[in-house]
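*Asks:* Quick one: the structure is below, and I'll ask about it shortly.
The values are calculated or read from the model by the stated rules, or taken from the named source; none is laboratory data. What you are looking at is a predicted structure, and each value in this text was computed from that prediction instead of being measured. Cβ coordinates were reconstructed from backbone atoms using ideal geometry, including for glycine residues, and neighbour counts include every protein chain displayed. Accessible surface is based on the protein model in full, side chains and every heavy atom, while ligands, DNA and RNA are left aside. Shrake-Rupley method; radii C 1.70, N 1.55, O 1.52, S 1.80 Å.
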Amino acid sequence: MIHVLATIELHPGKRDAFLTEFHQVMPAVKAEVGCIEYGPATDAATDLPQQQRLGENAVLVVEKWASLEALKAHLVAPHMLAYRERVKGLVVGSRLQILQPA
């Protein structure tokens, strides 16, 4: 199993539009072979001084995949290619952290 944290940086004011598109693709992703968990997250409102905030123009996607091969298949799935085309004008950039249980 692998864990993926994908930080998506968005153009100012585009987070809601991005999340709308993201939620539309989620059912297809969750139906993929090897998908264990897949969902977006944004900053929680807390008063904890340790919290590092993503900010208003970012979304963190939390993923779990059965294997690296399942993740690789996900990245080239037709619904993901179409999704990336739909959101490309909303996204400034992205960063992936691919982790394994320790």
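*Asks:* From the list Leu68, Leu75, pick out the single residue that is under 12 Å from the mean Cα position of the chain (by Cα) and either touching a residue at least 60 places away in the same chain (Cβ under 8 Å) or on the phi < 0 side of the Ramachandran plot (or both). Walk me through it before giving the result.
*Replies:* Numbers: Leu68 fails: under 12 Å from the mean Cα position of the chain (by Cα).
Only one candidate passes the filter, namely Leu75.
*Asks:* Here's another thing I want to ask about it. For residues in segment 74-102 being open to solvent by 60 Å² or more (accessible area, probe 1.4 Å), assigned to a helix (DSSP H, G or I) and aliphatic (A, V, I, L, M), which is nearest to Tyr38 (Cα to Cα)? It would help to see each step written out before you state the result.
*Replies:* Let us first name the residues in segment 74-102 that are open to solvent by 60 Å² or more (accessible area, probe 1.4 Å), namely 75-76, 78, 81, 84-86, 88, 92, 94-102.
Cutting the leftovers down to assigned to a helix (DSSP H, G or I) gives us 75, 78, 81, 84-86.
Okay, now just the ones that are also aliphatic (A, V, I, L, M), so 75, 81.
Numbers: Leu75: 13, Leu81: 17 Å.
Looking at residues that are open to solvent by 60 Å² or more (accessible area, probe 1.4 Å), assigned to a helix (DSSP H, G or I) and aliphatic (A, V, I, L, M), I get Leu75.
*Asks:* When His11 is evaluated against the numbered criteria (1) of a type outside the set (A, V, I, L, M, F, W, C); (2) under 15 Å from the mean Cα position of the chain (by Cα); (3) surrounded by 13 or more Cβ atoms within 10 Å (Cβ to Cβ); (4) farther than 20 Å from Gln97 by Cβ, which criterion, by number, is the only one it fails?
*Replies:* Exception for His11: condition (2).
*Asks:* Specify the residue that is farthest from Trp65 (Cα to Cα); the eligible residues are those in segment 25-43 that are without any contact (Cβ under 8 Å) to a residue 40 or more places away in the chain and more than 12 Å from the chain's Cα centre (by Cα).
*Replies:* Of segment 25-43, the ones without any contact (Cβ under 8 Å) to a residue 40 or more places away in the chain are 26-27, 30-31, 35-43.
Subsequent filtering for residues that are more than 12 Å from the chain's Cα centre (by Cα) retains 27, 30-31, 35-36, 43.
Numbers: Pro27: 15, Lys30: 10, Ala31: 12, Cys35: 5, Ile36: 5, Asp43: 23 Å.
Going through the qualifying residues, I end up with Asp43.
*Asks:* Out of the residues in segment 27-68 that are among the basic types (Lys, Arg) and outside any strand (DSSP E or B), state the one that is surrounded by the most Cβ atoms within 10 Å (Cβ to Cβ).
*Replies:* Within segment 27-68, the first condition is being among the basic types (Lys, Arg), and the residues that meet it are 30, 53, 64.
Right, trim to outside any strand (DSSP E or B) and you get 30, 53.
On the way: Lys30: 12, Arg53: 10.
Filtering segment 27-68 for residues that are among the basic types (Lys, Arg) and outside any strand (DSSP E or B), the one surrounded by the most Cβ atoms within 10 Å (Cβ to Cβ) comes out as Lys30.
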